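Notes to accompany the following structure.
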Amino acid sequence: MKQTLAFLAGPGLTAALLIFFCGLTFKLVWYFRGLDWRLERVAYRPQMSAGMAGGLHSIYRWLLPYGTHGWRSHPLLTLYFFLFHAGLVLLPPFLLGHTVVFGQIFGFSPPALPQLAGDVLAVLSLIGGLLLLLRRVSLPETRLLGTFSDYALSSIVLLVLVSGLLARMHTENYDLWLLLHIAAGELTLILAPFTKLSHMVLFFAARWQLGADYAVKRGGHRRGPCFPW
Ligand code: HEM
Ligand code: HEM
């Protein structure tokens with residue numbers, strides 16, 4: 001077990017991070033190149049400054065909890081979503097346990113969150129994720145849309161959170177929980193470019209495009225870039 005752990009926390013992690021960053025960069029470039037194929041970028045180039053303002057405004061509003069009509073019309077979904085995602089976005093780079101590993105492998109690491117903040121974010125993220133899953137299975141409209149792969153991805157991410165928290169408790173099964181945690185965490189990183197998990201970058205691309213589109217084409221020249229999302 002010790003050898004597997006050492007492999008996963010060393011070369012395994014480096015490989016997973018490479019696939020994650022290269023794969024998601026490729027997805028992002030492909031998204032914007034794809035706009036060309038449908039001639040959608042035609043108006044964006046000459047109108048870049050209006051488009052950029054509209055695109056950034058759209059991203060900004062959708063990243064604010066309850067910042068848009070869409071978020072406000074589903075208050076509970078919004079709460080679960082932001083609880084779940086606050087941990088998922090902040091913990092991988094800034095959790096103390098992670099920064100220690102980064103320091104060992106790369107010789108440098110981002111600043112770490114205080115332990116208590118990490119624990120609170122982790123627990124809230126798990127609660128948010130479980131509530132999202134419960135909502136997904138209990139509402140007929142979301143149950144109908146959910147595919148096997150959606151459930152599988154949500155379960156892997158929840159497994160990362162549960163095993164991380166169990167490892168953090170430093171029980172006698174520490175090595176086992178840590179092994180499971182690192183394996184599930186690296187699986188998440190490796191799957192991200194190939195599955196719907198790529199939304200972690202494509203969200204920004206799609207929101208930028210919509211904001212730019214509304215600022216450039218659909219009466220944006222009269223209204224200004226700030227579409228009332
Ligand atoms: C800043 C980065 C991210 C953004 C903007 C983002 C945005 C979103 C959005 C808009 C949804 C759909 C919510 C809904 O209507 O049901 C979603 C769902 C989801 N996201 Fe993210 N996400 C990000 C990062 C991540 C990361 C890093 C992970 C995992 C490590 C992740 C895992 C998930 C999962 C599993 C779901 C499905 C939840 C469910 O409905 O059961 N996201 N995300
Ligand atoms: C999607 C990716 C990941 C997420 C969301 C995640 C999340 C977490 C969470 C929630 C905890 C418990 C935090 C606490 O209660 O303070 C944790 C602990 C930890 N994670 Fe991750 N993790 C991820 C990937 C990884 C990877 C790839 C490694 C590989 C080295 C790793 C190594 C650790 C370590 C060493 C701990 C500390 C365990 C201890 O307290 O001794 N994590 N992680």
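Working from Cα pairs under 8 Å separated by at least six residues, relative contact order for the chain is 37 percent. Rounded to the nearest 10 degrees, the inclination of helix 48-63 to the longest alpha-carbon principal axis of the chain is 50 degrees.
Between the Cα long axis of helix 174-191 and the first principal axis of the chain there is an angle of about 30°, rounded to the nearest 10. Scoring 176-185, 200-209 by mean Cβ neighbours within 10 Å over their residues and listing the highest first yields 176-185, 200-209. Charged side chains reduced to their Cβ positions (Lys and Arg at +1, Asp and Glu at -1) give the chain a dipole of some 1060 debye around its Cα centre.
For trypsin sites (Lys or Arg not before Pro), the sites in the range 8-77 that DSSP calls loop and that have at most 13 other Cβ atoms within 10 Å are R38.
Each stretch of four or more DSSP H residues adds -39500 (n - 2.57); spread over every residue of the chain, this sum gives -24500 deg cm²/dmol at 222 nm. Counting 0.36 nm for each residue step from L17 to H170 and taking away their Cα separation leaves a gain of 52.5 nm. Rounded to the nearest 10 degrees, the angle from helix 199-216 to the longest Cα principal axis of the chain is 10 degrees. In a fully extended conformation the segment linking Q115 and L64 would gain 15.8 nm over its present Cα-Cα distance, using 0.36 nm per residue. For the range 1-159, a/c is not less than 1.5, where a ≥ b ≥ c are the root eigenvalues of the C-alpha gyration tensor, and a/b does not top b/c. That puts it in the oblate class. In order along the range 3-18, the Karplus-derived 3J(HN,Hα) couplings, from 6.51 cos²θ - 1.76 cosθ + 1.60 at θ = phi - 60°, round to 5, 4, 4, 4, 5, 5, 7, x, x, x, 5, 4, 5, 4, 5, 4 Hz, and Gly and Pro are given as x.
Here the Karplus curve 6.51 cos²θ - 1.76 cosθ + 1.60, taken at θ = phi - 60°, turns the phi angles of the range 160-166 into couplings of 4, 5, 5, 5, x, 5, 5 Hz, with x standing for Gly and Pro.
Read-outs: derived from the displayed coordinates by stated rules, not from any lab. Just so it is clear, the structure is predicted and the values come from calculations on it, not from any experiment. Every residue, glycine among them, receives a Cβ derived from its backbone with ideal geometry; neighbour counts consider all protein chains shown.
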